[in-house]
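Step one of this worksheet: look at the structure below.
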Amino acid sequence: MAHIIAPSLLSANFADLKSAVELVDGSPAPWLHLDVMDGVFVPNISFGFPVIKAIRPLTKKVFDVHLMIVDPDPYITAFRDAGADRLTVHYETCNHLHRTIQAIKAAGMKAGVAINPHTPVHLLADILADLDQVCLMSVNPGFGGQRFIPGTYRKLNALRELRNVHGSSLLIEVDGGVSEQNVADLAGHGADVLVAGNSVFNAPDPAAAIRTLSADI
């Protein structure tokens, strides 16, 4: 399977989100990545249900919603109703991860778990069979434009091996510091989905950047 590029709206111009979404809609990127931040789990606040609901009619692209919030359980159906297709929660914020994942699936969405750079992959072994995707944070969550953490390659290898052992078909996603310089290496190490923020929306030609990042490796 060719890798998926998921442009991250966090790096777009918030004064003109409509244009940003329409840009992605006309691109080969099949997913749009939406980072929801609460200012508690991460030191930043982004956007929530009203924004997601407002942009949902603008595109049929997959809405890949990444919750960087504490206690996500009360909000699962609200994100479904706003238009999320895939909902990812953080391992570090869920006291009862299996229950949370089952609630996401029961709401009709694909379920994912994200882990921070310091969280080892092996902690997901007991939940792996229930997951549709795992998001490896390759920067510390909260802000775009950070430098890629090279240790992510080691974690990619470990997660790919764990996936093979369990016979899982989950997608491996990498979020943070993705650029034209490392997209081939990341795909070569087993990343199925690459979240690209600054490398898309801060490029001189964002549409061309998506095409370049999406090109077959």
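Quick notes on this one:
- The charge dipole of the stretch 4-214, taken about its Cα centre with unit charges on the Cβ atoms of Lys, Arg (+1), Asp and Glu (-1) only, comes to about 200 debye.
- Karplus-derived 3J(HN,Hα), 6.51/-1.76/1.60, for each residue of the stretch 114-121, Hz, glycine and proline x: 9, 10, 6, x, 8, 8, x, 5
- Under 5 Å from the amide H of residue 114 lie the amide H atoms of 89, 90, 91, 135, each residue being 5 or more positions distant or on a separate chain, with H modelled from the backbone and absent for Pro and chain starts.
- Distance distribution note for the chain: the fraction of Cα pairs above 28 angstrom is 21%.
- In terms of surrounding Cβ atoms within a 10 Å radius of their Cβ, 14, 79 rank from fewest to most as 14, 79.
- Going from the residue with the fewest nearby Cβ atoms within 10 Å to the one with the most, 66, 90 rank 90, 66.
- Put simply, the amide H of residue 196, placed in the peptide plane, has neighbours under 5 Å in 6, 8, leaving out anything fewer than 5 places away on its chain.
- Coupling constants for the stretch 181-193 follow from the phi torsions by the Karplus curve (6.51 cos²θ - 1.76 cosθ + 1.60, θ = phi - 60°), and in residue order they are 6, 10, 4, 5, 5, 5, 5, x, 8, x, 6, 8, 10 Hz; glycine and proline get x.
FYI, it's all coordinate maths here, none of it is from the lab. Here the structure is a predicted model, which means the values were calculated and not measured. Quick reminder, even Gly has a Cβ in these numbers, built from the backbone with ideal geometry, and neighbours come from all protein chains shown.
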